[in-house]
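J.: Pasting a structure below so you can have a look.
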Amino acid sequence: MGNCHYYLNDFEKSILAYEAALKIDPEFKDARNNLAVSYRDAARNAGERQRNITLAESLLLKSYSINPTDTETLRLLGVAYGMSGQHQKAITYFSKVVELDPKNAAAFLNLSSAYQYMGDTDNANKYRAIALQLDPNVAQKK
């Protein structure tokens, strides 16, 4: 049921279905992993389509609590905090992305932007240089 609702982009129902599955079997790995993805994609929907950053943050934190190494969840948390002006928190999450995926030029560019918003031009320039070294066209792709 969770998978069906997820593929229909009905994230609320997919979350409920995965939670129900986990009540039956708390060790059901696929349900746990899919629940994290459903929270993440529900958050993306809340942030991008509904412009509800507060809801997006809440859903992303639920996803993060289930899977703290999902780089897309971490990136979206960084974006959500950056959009809400919480740049130090954005730096925290973008830093986790580059730690987990050190060849991701876009992640370094996001980290650079967060430092720039904090007024830390030294770190902003440092991480931008790394991003450009990894992919000279990264700025045009964003």
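One line per residue, one yes/no per condition, for (1) surrounded by fewer than 16 Cβ atoms within 10 Å (Cβ to Cβ); (2) in a loop (DSSP other than H, G, I, E, B); (3) β-branched (Val, Ile, Thr):
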| residue | (1), (2), (3) |
| --- | --- |
| Pro102 | yes, yes, no |
| Leu111 | no, no, no |
| Ile130 | no, no, yes |
| Gln133 | yes, no, no |
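J.: Of everything in segment 88-105, what is among the aliphatic types (A, V, I, L, M) and within 17 Å of Asp120 (Cα to Cα)? Give them in sequence order. Quick ask: steps written out before the conclusion?
T.: Kept after step one, since they are among the aliphatic types (A, V, I, L, M), are these residues of segment 88-105: 90-91, 97-98, 100, 105.
Scanning segment 88-105 gives Ala90, Ile91.
J.: Oh, and also: Which of the residues that make up segment 1-44 are open to solvent by 40 Å² or more (accessible area, probe 1.4 Å) and within 16 Å of the chain's Cα centre (by Cα)?
T.: Listed by number, the residues that qualify are Asn33, Asn34, Val37, Arg44.
J.: I'm trying to understand the selection: among the residues of segment 46-63, which are hydrophobic (A, V, I, L, M, F, W, C), open to solvent by less than 50 Å² (accessible area, probe 1.4 Å) and either more than 12 Å from Ser84 (Cβ to Cβ) or under 12 Å from the mean Cα position of the chain (by Cα) (or both)? If you could, list the steps in order and put the result at the bottom.
T.: As a first pass, look at segment 46-63 and keep what is hydrophobic (A, V, I, L, M, F, W, C): 46, 53, 55-56, 59-61.
The next check asks that each one be open to solvent by less than 50 Å² (accessible area, probe 1.4 Å); those that pass are 46, 53, 56, 59-60.
Hits for segment 46-63 are Ala46, Ala56, Leu59, Leu60.
J.: Still on this structure: What pairs come up if the first residue lies in segment 116-137 and is modelled with pLDDT of 95 or more, the second is surrounded by fewer than 16 Cβ atoms within 10 Å (Cβ to Cβ) and small (Gly, Ala, Ser), and their beta carbons are under 8 Å apart, counting only those six or more places apart or on different chains?
T.: Here the result reads Ala131/Ala139; Leu132/Ala139, each pair linking segment 116-137 to a residue that is surrounded by fewer than 16 Cβ atoms within 10 Å (Cβ to Cβ) and small (Gly, Ala, Ser).
J.: Just one of the numbered conditions (1) of a type in the set (Val, Ile, Thr); (2) touching a residue at least 24 places away in the same chain (Cβ under 8 Å); (3) part of a helix (DSSP H, G or I) is not true of Thr69; which one?
T.: If we test Thr69 against (1) of a type in the set (Val, Ile, Thr); (2) touching a residue at least 24 places away in the same chain (Cβ under 8 Å); (3) part of a helix (DSSP H, G or I), just (3) comes out false.
J.: Please state which of the following conditions Gln116 fails to meet, knowing it meets all the rest: (1) out of contact with any helix residue (DSSP H, G or I) (no Cβ under 8 Å at 6 or more places or on another chain); (2) open to solvent by 70 Å² or more (accessible area, probe 1.4 Å).
T.: With respect to (1) out of contact with any helix residue (DSSP H, G or I) (no Cβ under 8 Å at 6 or more places or on another chain); (2) open to solvent by 70 Å² or more (accessible area, probe 1.4 Å), Gln116 is out only on (1).
J.: Something else about it: List the residue pairs whose Cβ atoms are under 6 Å apart, where the first residue sits in segment 11-39 and is under 13 Å from Asp70 (Cα atoms), the second is outside any helix (DSSP H, G or I) and open to solvent by less than 60 Å² (accessible area, probe 1.4 Å), and the two are 6 or more positions apart or on different chains.
T.: Partner pairs satisfying both residue conditions: Ala36/Asn67.
The values are calculated or read from the model by the stated rules, or taken from the named source; none is laboratory data. Model, not experiment: these values are computed from the prediction. Cβ coordinates were reconstructed from backbone atoms using ideal geometry, including for glycine residues, and neighbour counts include every protein chain displayed. Quick note on the areas: whole protein, heavy atoms, side chains included, nothing else; ligands and nucleic acids left out. Shrake-Rupley method; radii C 1.70, N 1.55, O 1.52, S 1.80 Å.
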